[in-house]
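Shown next, in structure tokens, is the structure this report addresses.
The values are calculated or read from the model by the stated rules, or taken from the named source; none is laboratory data. Quick caveat: nothing in here was measured; it's all calculated off a predicted structure. Cβ coordinates were reconstructed from backbone atoms using ideal geometry, including for glycine residues, and neighbour counts include every protein chain displayed. Each accessible area value is taken on the protein alone, full model and side chains, heavy atoms only, with ligands, DNA and RNA left out. Shrake-Rupley method; radii C 1.70, N 1.55, O 1.52, S 1.80 Å.
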Amino acid sequence: MALFVVRHQHGETRCPAADPDTGAAMLNHLSRSNSRQRGVDIVGEAVVKGEHTIYMIVEATDVAAVDEFVKPLTSVGTTEILPASTCARVITNGGCLADTPAADDALLDPEQACQLALEAGLVVHRAHPLNGETSVPALIGGVVVPNPHFYVRNHFHMPVLDRSTWRLRIGGLTDRPLTLSLRNLLAMPSQTQVVTLECAGNDRARLSPRVDGEQWQLGAVSTAEWSGVPLVEVLDRAGIKASACELVFRGADNGHVNDRHGTVSFERSLAVADARDTDALLAYAMNGEPLPVQHGYPVRLIVPGWYGVASVKWLTEIEAVDRRFDGFFQADRYFYEWTRDGKQVKEPVTLQRVRAVITEPNHEQHIEFGDLTVRGVAWSGAAPIARVDVSVDGEPWQAARLVGSRYRHGWQRWEQITELARPGAHTIRARATDLAGRTQPAEPEWNRLGYGSNAIQQVRVHANAA
């Protein structure tokens, strides 16, 4: 179905509304039931007051169907039929002057994906490739974030893979190369883990000076219950040779990137030891349901504790290699870069840095002064959370209460009851410390690509007088 805008104008003396019989006939013709019988779906309509002008947004198979349907309007005035689109489709396909691409069954419709993200309440930073963060209020609730509200990070268009033909190939330096179907994986021993995924660029917006990349606030993080086959199960079946030093994980998503010729697939590597020691999963379910397309259907890698870039979506291949992998998303992106003592220093992005996020109250919220319950979540890739401390208006830190179960790789909920002793503005800060002794810095650590920003969050609230 194509979208059209119909613009009709008529003179005052020929206005259908001036004659009751003509007006009734027009209303019957423009009814939704009649239009659908004629192959036209009226999405919306409006009349410009005092101008004898009608606008309609309609869907039809082609312009001929619309032209036939609007003939009664044309008989009393002028009618234009304009090919149209939606804001989401225009933005996801390059702007108002860009041609609408032909439908591609191998890719998720970017307009549909964007609309679903907006309807779910994600804060969309980019329509293509779709990148949207979970709003902080959506982090309130149970341990896991419902699938529609889980943040989305993509580098290319999202592929739509057929579960019946999808295969995972494990090769390279292996004793027994494997080709596994989804049915093969479902028949293997499985695990379910609660794991928090966080984009390495989360909280990039607070860095100064500004760096390139998505300007995430604090919502490029979510937690889900992931089910699948332990990665070591598959590695052992394939028999990784002693000469292999890294495993390259290749996704089905691909496209073009700066400074690289041709098509680039999304690929990341792990050292063989890391792949074995991280409790990594070949996940096929998310919160008890098959993976949604935007989260890697039918199978993705989940690397607990590591930033989300390691958890390759739409996984199709694992290759054991005897050298350091230098793919674009390994060598050109996802590393820390600083200048120290006049020298350039680089360090790969790996474990999530420790962080606490205040989910209640909201920034700039107006509340009654007196007792206030501050709530939030905290996590770290290095170790479970040991404590969260809260400070109001620069007063000494007070230990918050850790709430609910402690998960090795999932965030920890916490709360603290404090007092706002006077009306006016107040600043609340929360600081997390993990069992490995890591704690949050007071200020963000700037680096050229804007990764790993985990400075203490500040929320300002306004206490109203009773």
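The table that follows gives values for the structure above.
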| quantity | calculated |
| --- | --- |
| Accessible area per residue in Å² at 1.4 Å probe, computed on segment 337-466 | 49 |
| Around Val66: net Lys/Arg minus Asp/Glu count, Cβ-Cβ under 11 Å | -4 |
| Whole-number D in µm² s⁻¹ for the chain, Kirkwood Cα-pair radius fed into Stokes-Einstein, 20 °C, 1.002 mPa s | 84 |
| Carbon + sulfur, % of accessible area of the chain - ligands and nucleic acids excluded, 1.4 Å | 49 |
| Segment 198-267, accessible area per residue, ligands and nucleic acids excluded (1.4 Å, Å²) | 40 |
| Cα convex hull of segment 335-466 - mean projected area over all directions, nm² | 9.2 |
| About the Cα centre, charge dipole magnitude for the chain (Lys/Arg +1, Asp/Glu -1 at Cβ), debye | 1180 |
| Share of alpha-carbon pairs per 5 Å distance bin for segment 241-355, given as whole % | 2, 11, 18, 21, 21, 15, 8, 3, 1, 0, 0 |
| FRET efficiency, 1/(1 + (r/R0)^6) with R0 60 Å, evaluated for Arg176 and Glu415 via beta carbons | 0.70 |
| Cα lying deepest toward the dipole's positive end in the chain, options Thr134, Leu178, Val47, charges on Cβ | Leu178 |
| Listed residue (Thr316, Ala283, Phe329) projecting farthest to the positive dipole end of segment 260-335, Cβ model | Phe329 |
| Electrostatic dipole magnitude of segment 291-399 [Cβ: Lys, Arg +1; Asp, Glu -1; Cα centre; debye, to 20] | 520 |
| Where only alpha carbons of segment 290-347 are counted, the Rg and the Dmax (Å) | 15.2, 50 |
| Rg(Cα)/(2.2 N^0.38 Å) for segment 178-278, N = residue count | 1.39 |
| Förster radius 45 Å - calculated FRET efficiency between Thr165 and Glu68, Cβ distance, rounded to 0.05 | 0.60 |
| Distance (nanometres) between label positions extended 7 Å along Cα→Cβ at Val124 and Asp322 | 4.9 |
| The chain - mean residue ellipticity at 222 nm from DSSP helices (-39,500 (n - 2.57) per run, n ≥ 4, rounded to 500) | -3500 deg cm²/dmol |
| In Å², nearest 10: area of Cys87 left accessible to a 1.4 Å probe | 110 |
| Pair Lys346, Ala187: separation of 7 Å Cα→Cβ label points (nm) | 4.4 |
| Charge-dipole axis of the chain as Lys and Arg at +1 and Asp and Glu at -1 on Cβ define it, positive-most pick from Cys87, Asn28, Ala421 | Ala421 |
| Residues of segment 20-178: accessible area per residue with a 1.4 Å probe, Å² | 55 |
